[in-house]
Amino acid sequence: TDFTMVPPIAVALSKSPLVKNYDLSSVEYIGSGAAPLSREVCAQVEKLWPDKDLNMKQAWGMTE
């Protein structure tokens, strides 16, 4: 139910027409990390779930 991705994957999902061929209804949380992601791309990814009120979260952290 959690869908966490890096920004390049979020950009690809927001632009790919192939996404509509898949059932993403089980997703309850969407997040991104490892690099900044614009609010515009987040909004486009959120629109992949028109029947849900999902808010894409961004995370930041260090491994050191």
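Structural remarks
- Test: residue in the stretch 38-48 that is part of a loop (DSSP other than H, G, I, E, B) and among the acidic types (Asp, Glu): no
- Residue match in the stretch 39-59 (condition: among the hydrophobic types (A, V, I, L, M, F, W, C), modelled with pLDDT under 95 and open to solvent by 100 Å² or more (accessible area, probe 1.4 Å)): no
- Residue count for the stretch 15-31, restricted to those that are under 15 Å from ASN55 (Cβ atoms) and either surrounded by 13 or more Cβ atoms within 10 Å (Cβ to Cβ) or of a type in the set (Phe, Trp, Tyr) (or both): 4.
The values are calculated or read from the model by the stated rules, or taken from the named source; none is laboratory data. Fair warning: this is a prediction, and the values are worked out from it, not measured in the lab. Don't worry about glycine lacking a Cβ; one is built from the backbone with ideal geometry, like all the others, and counts go over all protein chains shown. Surface areas here come from the heavy atoms of the whole protein model, side chains and all, with no ligands, DNA or RNA. Shrake-Rupley method; radii C 1.70, N 1.55, O 1.52, S 1.80 Å.
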